[in-house]
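The values are calculated or read from the model by the stated rules, or taken from the named source; none is laboratory data. For clarity, every value in this text was computed on a predicted model and none was experimentally measured. Counting neighbours? That spans all protein chains shown, and the Cβs are built from the backbone with ideal geometry, glycine included.
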Amino acid sequence: MKKSNLILTLAICLLMVLVIRAAVSDVTGKWELTMSSDHGDFSKEALFKQDGENIVVIIDGSEGKGTIKDNQIEWTIVLNTEMGDLDSAFSGKVEDDAMEGEVEIMGTSIAWSAKRID
(Lines give C-alpha, C1' and ligand atoms only; values in the text may rest on other atoms or scores of the structure.)
Protein backbone atom coordinates (compact mmCIF):
# COMPACT_ATOMS: atom_id res chain seq x y z
CA MET A 1 0.00 0.00 0.00
CA LYS A 2 2.73 2.49 0.93
CA LYS A 3 4.69 1.64 -2.23
CA SER A 4 1.67 2.36 -4.45
CA ASN A 5 1.07 5.68 -2.64
CA LEU A 6 4.70 6.66 -3.22
CA ILE A 7 4.50 5.78 -6.92
CA LEU A 8 1.25 7.74 -7.27
CA THR A 9 2.76 10.76 -5.48
CA LEU A 10 5.85 10.69 -7.72
CA ALA A 11 3.68 10.41 -10.83
CA ILE A 12 1.59 13.42 -9.77
CA CYS A 13 4.75 15.47 -9.07
CA LEU A 14 6.19 14.58 -12.48
CA LEU A 15 2.93 15.53 -14.18
CA MET A 16 2.88 18.88 -12.36
CA VAL A 17 6.44 19.65 -13.49
CA LEU A 18 5.54 18.85 -17.10
CA VAL A 19 2.42 21.03 -16.96
CA ILE A 20 4.35 23.97 -15.47
CA ARG A 21 7.10 23.71 -18.10
CA ALA A 22 4.50 23.53 -20.90
CA ALA A 23 2.82 26.71 -19.60
CA VAL A 24 5.87 28.84 -20.49
CA SER A 25 5.55 30.17 -24.03
CA ASP A 26 8.40 29.31 -26.40
CA VAL A 27 9.60 32.41 -28.26
CA THR A 28 12.79 30.91 -29.72
CA GLY A 29 13.37 32.02 -33.32
CA LYS A 30 13.14 35.05 -35.58
CA TRP A 31 10.42 37.66 -35.15
CA GLU A 32 9.44 40.80 -37.03
CA LEU A 33 9.25 43.49 -34.33
CA THR A 34 7.25 46.63 -35.19
CA MET A 35 7.22 49.78 -33.06
CA SER A 36 4.56 52.44 -33.59
CA SER A 37 5.13 56.10 -32.72
CA ASP A 38 3.92 59.55 -33.74
CA HIS A 39 6.71 59.49 -36.33
CA GLY A 40 5.35 56.33 -37.96
CA ASP A 41 5.95 52.61 -37.74
CA PHE A 42 9.29 50.94 -38.13
CA SER A 43 10.21 47.27 -38.11
CA LYS A 44 13.30 45.33 -37.13
CA GLU A 45 14.13 41.65 -37.17
CA ALA A 46 14.66 40.25 -33.70
CA LEU A 47 16.22 36.91 -32.80
CA PHE A 48 14.98 35.36 -29.55
CA LYS A 49 16.85 32.63 -27.69
CA GLN A 50 15.22 30.99 -24.70
CA ASP A 51 16.38 28.80 -21.83
CA GLY A 52 13.43 28.13 -19.55
CA GLU A 53 12.19 31.52 -18.33
CA ASN A 54 15.35 33.36 -19.44
CA ILE A 55 15.55 35.00 -22.86
CA VAL A 56 18.20 36.71 -24.96
CA VAL A 57 17.02 39.12 -27.66
CA ILE A 58 19.29 40.24 -30.51
CA ILE A 59 18.30 43.28 -32.61
CA ASP A 60 20.78 44.81 -35.08
CA GLY A 61 23.69 43.17 -33.27
CA SER A 62 22.65 44.50 -29.84
CA GLU A 63 21.93 41.89 -27.20
CA GLY A 64 19.27 42.27 -24.54
CA LYS A 65 18.24 39.99 -21.70
CA GLY A 66 14.94 39.32 -20.01
CA THR A 67 12.39 36.80 -18.84
CA ILE A 68 9.19 35.13 -19.90
CA LYS A 69 6.73 33.80 -17.34
CA ASP A 70 3.55 32.16 -18.55
CA ASN A 71 2.71 34.48 -21.47
CA GLN A 72 4.24 37.66 -19.95
CA ILE A 73 7.53 38.77 -21.52
CA GLU A 74 9.97 41.54 -20.66
CA TRP A 75 13.50 42.45 -21.66
CA THR A 76 15.90 45.38 -21.72
CA ILE A 77 18.23 46.24 -24.58
CA VAL A 78 20.29 49.18 -25.81
CA LEU A 79 19.06 49.97 -29.33
CA ASN A 80 21.53 51.58 -31.75
CA THR A 81 19.67 54.37 -33.60
CA GLU A 82 20.40 57.50 -35.60
CA MET A 83 19.82 59.42 -32.35
CA GLY A 84 22.44 57.33 -30.56
CA ASP A 85 22.17 54.41 -28.17
CA LEU A 86 18.78 54.21 -26.47
CA ASP A 87 18.09 52.18 -23.31
CA SER A 88 14.84 50.34 -24.00
CA ALA A 89 12.62 48.32 -21.66
CA PHE A 90 10.08 46.07 -23.40
CA SER A 91 7.12 44.41 -21.70
CA GLY A 92 4.14 42.60 -23.13
CA LYS A 93 2.37 39.32 -23.69
CA VAL A 94 2.83 36.37 -26.02
CA GLU A 95 -0.02 34.56 -27.75
CA ASP A 96 1.01 31.75 -30.08
CA ASP A 97 3.05 33.33 -32.90
CA ALA A 98 2.33 36.95 -31.92
CA MET A 99 3.43 39.37 -29.22
CA GLU A 100 2.38 42.88 -28.24
CA GLY A 101 3.12 45.38 -25.54
CA GLU A 102 4.83 48.65 -24.64
CA VAL A 103 8.45 49.75 -24.80
CA GLU A 104 9.78 52.52 -22.59
CA ILE A 105 12.35 54.67 -24.43
CA MET A 106 13.59 58.02 -23.08
CA GLY A 107 10.63 58.28 -20.70
CA THR A 108 8.07 57.65 -23.44
CA SER A 109 5.93 54.53 -23.92
CA ILE A 110 5.62 53.24 -27.46
CA ALA A 111 3.39 50.37 -28.61
CA TRP A 112 5.12 47.38 -30.16
CA SER A 113 4.00 44.15 -31.75
CA ALA A 114 5.81 41.16 -33.20
CA LYS A 115 5.02 38.18 -35.37
CA ARG A 116 7.07 35.02 -35.74
CA ILE A 117 8.85 34.74 -39.08
CA ASP A 118 10.86 31.58 -38.40
**Study point:** Looking only at the range 16-65, and only at residues there that are modelled with pLDDT under 90 and under 11 Å from the mean Cα position of the chain (by Cα), the one that is surrounded by the fewest Cβ atoms within 10 Å (Cβ to Cβ)
**Key:** 24
Revision key, fill the gap. Restricting attention to the range 31-59, the residues that are over 19 Å from residue 108 (Cα atoms), in contact (Cβ under 8 Å) with a residue 60 or more places away in the chain and of a type in the set (A, V, I, L, M) number exactly 1
